[in-house]
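**Student:** So that we are looking at the same thing, I have put the structure below in structure tokens.
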Amino acid sequence: MLTNMMTGLEGSIFALAVFILINSITPGPNNLMLLHGGIKKGLWGCRGHLLGITFGAGVMTWLSYWGMAAIVVDHPTLMLGIKILGTLYLLWLTYQMAMSDFSAMVTEALKLESSEDADAKIKKKFGELPLTFWQAALFQWLNPKTWTMTVMLPSIALIHTADIGAKYAGLANWPLIILCMLVSLLSIAVWAAGGQWLRRLVHNPKLMKLIHIIIVAMTLYCAVALWV
């Protein structure tokens with residue numbers, strides 16, 4: 001029994017890690033927001049946003065193990081409502097991005113960081129990127145990609161732990177959830193780090209404008225793709 005349990009857990013760990021890696025590192029609303037925020041504020045400036053995404057998705061995964069996944073699957077109208085709200089938010093975010101002077105924002109942020117008042121707190125508008133910890137955590141409840149990922153996680157684990165029995169499979173929940181959170185955090189951090197790297201291009205306004213247009217277009221695509 002112990003050998004079967006360990007084999008099942010090893011299979012779950014590998015399957016979940018690969019699943020989380022693919023879903024977390026591929027383009028999506030969270031990653032595009034982090035890319036935008038990384039260009040604007042750098043990797044360290046996105047720390048609240050990064051941790052908020054990880055915490056929010058972790059809580060949703062934990063609740064999925066306790067039956068939330070089954071509720072969502074059994075009530076398609078619930079997911080429809082999430083898609084509508086998520087789409088509206090992404091459209092609003094796309095508009096805010098498109099209307100902003102990206103190069104000016106990055107230049108201002110770089111000047112502030114190099115000044116003596118670099119540690120001074122700046123009053124941010126609601127929803128301004130990068131998001132705060134709690135804003136990022138709450139956004140996961142409107143992000144269909146996060147819902148799809150967290151709802152499927154328990155099923156993937158059960159495929160590998162079904163022969164262990166519910167008693168032993170339940171013991172694996174927390175270690176697996178923590179692993180998923182770590183893999184997700186490292187994956188999405190790549191986008192924020194990529195944004196920080198792109199900050200060096202701020203002295204090339206034309207190229208920075210092109211990057212801005214691409215980010216805005218991809219964010220709009222994420223909103224539209226929810227219905228394709």
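**Student:** In the set Leu220, Leu198, which member is in a helix (DSSP H, G or I) and either buried (at least 20 other Cβ atoms within 10 Å of the Cβ) or modelled with pLDDT of 90 or more (or both)?
**Tutor:** Details: Leu198 fails: either buried (at least 20 other Cβ atoms within 10 Å of the Cβ) or modelled with pLDDT of 90 or more (or both).
From the options Leu220, Leu198, the qualifying one is Leu220.
**Student:** Still on this structure, I have one more. One residue is enough: does region 64-73 have a residue meeting the conditions under 18 Å from the mean Cα position of the chain (by Cα) and in a helix (DSSP H, G or I)?
**Tutor:** Scanning region 64-73, I find at least one residue that is under 18 Å from the mean Cα position of the chain (by Cα) and in a helix (DSSP H, G or I), so the answer is yes.
**Student:** OK, next. If you go through region 28-35 one residue at a time, do you hit one that is more than 15 Å from Thr219 (Cα to Cα), at pLDDT 90 or above, surrounded by 13 or more Cβ atoms within 10 Å (Cβ to Cβ) and hydrophobic (A, V, I, L, M, F, W, C)? Write out each step before concluding.
**Tutor:** Residues of region 28-35 more than 15 Å from Thr219 (Cα to Cα): none.
No, region 28-35 has no match at all.
**Student:** May I pose another question? Being small (Gly, Ala, Ser), closer than 14 Å to Ala57 by Cβ and either at pLDDT below 75 or assigned to a helix (DSSP H, G or I) (or both) narrows it down to one of Ala157, Ala120, Ala137, so name that one.
**Tutor:** Ala137
**Student:** Right, next: Can you name the number of the only condition in (1) within 30 Å of Lys206 (Cα to Cα); (2) surrounded by 17 or more Cβ atoms within 10 Å (Cβ to Cβ) that Phe55 fails?
**Tutor:** Evaluating Phe55 over (1) within 30 Å of Lys206 (Cα to Cα); (2) surrounded by 17 or more Cβ atoms within 10 Å (Cβ to Cβ) leaves (1) as the failure.
**Student:** If you don't mind, there's one more thing I want to ask. Could you tell me which of the residues Met105, Met60, Met97 is touching a helix residue (DSSP H, G or I) at 6+ places or on another chain (Cβ under 7 Å), modelled with pLDDT under 85 and buried (at least 16 other Cβ atoms within 10 Å of the Cβ)?
**Tutor:** Details: Met60 fails: modelled with pLDDT under 85; Met97 fails: modelled with pLDDT under 85.
After applying the criteria, what remains is Met105.
**Student:** Restricting attention to region 35-63, which residues are among the polar types (S, T, N, Q) and in a loop (DSSP other than H, G, I, E, B)?
**Tutor:** none
The values are calculated or read from the model by the stated rules, or taken from the named source; none is laboratory data. Treat the numbers as computed from the prediction; the structure is a model and nothing was measured. Methodologically, a virtual Cβ is constructed for each residue, glycine included, from the backbone with ideal geometry; neighbour enumeration extends over all protein chains shown.
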